[in-house]
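The values are calculated or read from the model by the stated rules, or taken from the named source; none is laboratory data. The shown structure was predicted, so the numbers you read here are calculated from the model rather than taken from an experiment. Using ideal geometry, Cβ is built from the backbone for each residue, glycine included, and neighbour counts are taken over all protein chains shown. Ligands, DNA and RNA are excluded from the accessible area calculation, which covers all protein heavy atoms including side chains. Shrake-Rupley method; radii C 1.70, N 1.55, O 1.52, S 1.80 Å.
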Number of protein chains: 2
Amino acid sequence: MSTERSRPTQADVARTAGVSQATVSMALNAGPEAMGRLTEETRQRILAAVEETGYWGNLAAKQLAGGRTSVLGVFTYEPVFPHAASDFYYPFLQGIEAEALGHDVDLLLFTSSHNSRSGAGGEGLRDWARRGRLHLADGCILFGRHSQRRDLAELLAHDYPFVFVGRREADGAEVPYVGADYEQATVEIVEHLADLGHQRIALALEFPEHESGVDRRRGFDRAIQETGAVPLILDGTVEHTGALLDDMLGTGTTAIAATPDIAATLRLDALRRGLSIPADLSIARLGDPEKPDGSTVGWSGFSIPRHEMGTGAVQMLLRHLQSPARPGETQVLLRCEVRASSTTGPAPGSKASAAARSRHPRSVLGTTQENTR
Amino acid sequence: MSTERSRPTQADVARTAGVSQATVSMALNAGPEAMGRLTEETRQRILAAVEETGYWGNLAAKQLAGGRTSVLGVFTYEPVFPHAASDFYYPFLQGIEAEALGHDVDLLLFTSSHNSRSGAGGEGLRDWARRGRLHLADGCILFGRHSQRRDLAELLAHDYPFVFVGRREADGAEVPYVGADYEQATVEIVEHLADLGHQRIALALEFPEHESGVDRRRGFDRAIQETGAVPLILDGTVEHTGALLDDMLGTGTTAIAATPDIAATLRLDALRRGLSIPADLSIARLGDPEKPDGSTVGWSGFSIPRHEMGTGAVQMLLRHLQSPARPGETQVLLRCEVRASSTTGPAPGSKASAAARSRHPRSVLGTTQENTR
DNA sequence: CTGAAAGCGCTTACAG
DNA sequence: CTGAAAGCGCTTACAG
């Protein structure tokens, strides 16, 4: 309960403790190693003085003098505030938080909502960057689908420490990230379908241009090569799943791998047309749904280790903060949990046996492990 | 695209622009008033140098030297991250954001979720405060139901600028807030019921101890005095609305004012018992529901000016930041929109006319205006 | 084991 | 109209 006008400083504490200001600094930041450099008695005296004066510390000064703030920023290209789509992002945040808590660092949310609304008035990340406000935090965790390449490039050029949750690219630079291995997961899904006897397999991606779409596409192509199945690339929009169905049926395609929202509406469309799943058509879901649809369908597909991506990103960031990132150690892909369930089955007319499923035991078990690319 | 190892400083900019460091500072912070103190030509030269060097500014230094960061903090005692209850809080945040955007200040979210989970590891606001991290922002907007009095007292004692969204009390100190006038709104609701001929009126509050409950209770008591109705104070829990109904029916009470969640379940209970609303029972809702129940019921009751509370709080905070708050100007209550709809009607057996409703024309119009207490 | 001193990158009077 | 200087509150070598 200080009655002074302005906040007490270390000098104030030092005065009432009868030591020098530098000693106060020592006592306050004493890591285990420096601990022995102070008498326990003076340390206690100083702590008492801290209480007495109501000293709080001045982060700005601390930071300026070269110390860390122990604050990590979180910037999201998606609206963080409650919102339909945000259920998808919640697990990421939980992971980030849990990990931060474990390391005793605080989290600061840089709000980007200017960005996600109308676009008026703000440019999101770049705004924060340009004004130097990003440096309120030692480094930053980024996530969200609508990231901008030039943002990342700018951050990289300025040597600002950050880690993206999800694989991202920037022009001519190595973006640090902790992502999910969509490519491998998609490979396994397509192989699973081929094993079930499907000869013609379709792919529908909601965001084919996006990194997450590119990865799935790459996995699809690879698996098609390996399995010798006939591919059908569909122009994927959630709105026109009817057209997708027509295309598939017209070409004799009996299985499809699709991003979650497309898969869900496609399934409903198919059922509405009297098709039965998986007897007439197998559908596999390439990821977790953005918006939980409350369905209890036993989807075949893979799920994204969102929590682990969050914790992993924080770990990587803290690591980079301690010692500069070495190239090749900045990009990590986590394994997705792949599972076969009730929306995929043997191709119509084929006699794929139960044994077919045993080809990828690992994927069905869904172990999560790191993969450095 | 600087290739230097560390971030460029004003000194670097000054060197390449051929001016002094202080001049760079001037040029960069030139408010309209100081604008005339620089040649347009040198200003341009400096801005060019800023681009060239990739200067970003150092907020810590800026703050330490006495300048503002132009960053406002937002601390919420509720989970900000997507959550059932958060729909209730969204409008507050929208208001806060909109206003901040208008004043060109950025918003920082101090995450408090440590707090809302298990309580392990963190104490929320006090954590931020003690480590001095609150000062990353010039001041702070607070909200959420689970605020701690001692937190506010501590902030006040340290002269940290903040404004609470919602009326809050602290021991022996004047907490700055922009709240909603629950007392007046409740008065109007009860008067409305009395006007409809109800002689016995019940009150059920979910959080009677909380400031928001105390205010409603005060309004209820006042209106009971004025109208001469017989009060019935019910022990309000959402879980036992059945018991509430019994109490009411047993005492011949024909109308009730209740906080939103109680009102909603009470209504369902009543309907289930074959009661008709409002013919047998009038129910008025004292506020907005925390969790939208998706009902399309035309509730009689009042709604909380959440968006305006958000904008008002930011305005007050910015005002206090410019010039220290004068006592008496720190507590504002906004008017709630009161409306009579289909869950309230004439008391059974009474002959209250339509004219009864005209007694409080203002409240029915629901104008929002400030009220300094 | 503790203190005196330099310096972090700014802003803000104060000189010229 | 621009520059030199002090100072914000810390941390971190460097002396004693």
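Label sites at B:T42 and A:R326, each approximated as a point 7 angstrom past Cα along Cα to Cβ, lie 5.0 nm apart.
3J(HN,Hα) couplings calculated from phi for the stretch B:307-323 with the Karplus curve 6.51 cos²θ - 1.76 cosθ + 1.60 (θ = phi - 60°) are, in sequence order, 4, 5, 5, x, 5, x, 5, 5, 4, 5, 4, 4, 5, 5, 6, 6, 9 Hz; Gly and Pro show x. Estimated at the nearest 10 Å², the accessible area of A:S70 is 40 Å² with a 1.4 Å probe.
Distance from the Cα centroid of the stretch B:256-288 to that of the stretch A:213-248 is 53 Å (rounded to whole angstrom). Residues whose amide H comes within less than 5 Å of that of B:L142, counting only those at least five positions distant or on another chain, are B:F75, B:V163, B:F164, B:V165 (H built at 1.01 Å from N in the peptide plane).
Inter-chain Cβ neighbour count for B:52-59, averaged per residue, equals 4 (cutoff 10 Å, partner chain atoms only). Residue order by solvent-accessible surface for A:M26, B:M248 is A:M26, B:M248, largest first, with ligands and nucleic acids left out and a 1.4 Å probe.
Rounded to the nearest 10 square angstrom, A:R149 shows an accessible area of 100 square angstrom against a 1.4 Å probe. Taking all protein chains as they are arranged and a probe of 1.4 Å, the heavy atoms of A:T254 leave approximately 30 Å² accessible to solvent. Here A:D104 and A:D171 are evaluated by their C-beta separation; at R0 = 41 Å the FRET efficiency comes out at 0.65.
Distances between equivalent label points of B:R272 across the copies, with each point positioned 7 Å along Cα→Cβ, amount to 3.5 nm, shortest listed first. At full extension, A:A157 and A:S276 could sit 37.5 nm farther apart than now, given 0.36 nm per residue minus the alpha carbon distance.
Here the chain A residue lying nearest the rotation axis onto B, judged by its C-beta and given with the distance in whole angstrom, is A:L109, 2. Evaluating 6.51 cos²θ - 1.76 cosθ + 1.60 at θ = phi - 60° for every residue in the stretch A:277-289, the Karplus couplings come out as 10, x, 4, 8, 8, 9, 10, 10, 9, 8, x, 8, x Hz, glycine and proline recorded as x.
Sorted from closest to farthest, the other copies place their A:I233 label points 7.2 nm away, with each point set 7 Å from Cα along Cα→Cβ.
Express in nm, to one decimal, how much length is gained between B:R218 and B:T296 on full extension, taking 0.36 nm for each residue of separation and deducting their alpha carbon distance.
Values: separation 78, 0.36 × 78 = 28.08 nm, distance 2.98 nm.
Full extension from B:R218 to B:T296 adds 25.1 nm.
Listed values for the stretch A:193-205 are Karplus-derived 3J(HN,Hα) couplings in whole Hz (6.51 cos²θ - 1.76 cosθ + 1.60, θ = phi - 60°), namely 5, 4, 4, 7, x, 6, 9, 10, 10, 9, 10, 9, 10, and x replaces Gly and Pro.
Between B and A, roughly 5100 Å² of accessible area is buried in total, ligands, DNA and RNA not counted and the probe set to 1.4 Å.
Need one value for A:133-142: mean number of C-beta atoms belonging to other chains within 10 Å of its residues' C-beta atoms.
Taking the mean over all residues of the peptide, I get 3.
Between copies, B:D171 shows label-point distances of 6.2 nm, shortest first, with the point placed 7 angstrom from Cα along Cα to C-beta.
So how do A:L271, A:L108 rank on accessible area, 1.4 Å probe, biggest first, that is with the largest at the start? Show your work: numbers first, answer last.
Details: A:L271 75, A:L108 0 Å².
The ranking, largest first, comes out as A:L271, A:L108.
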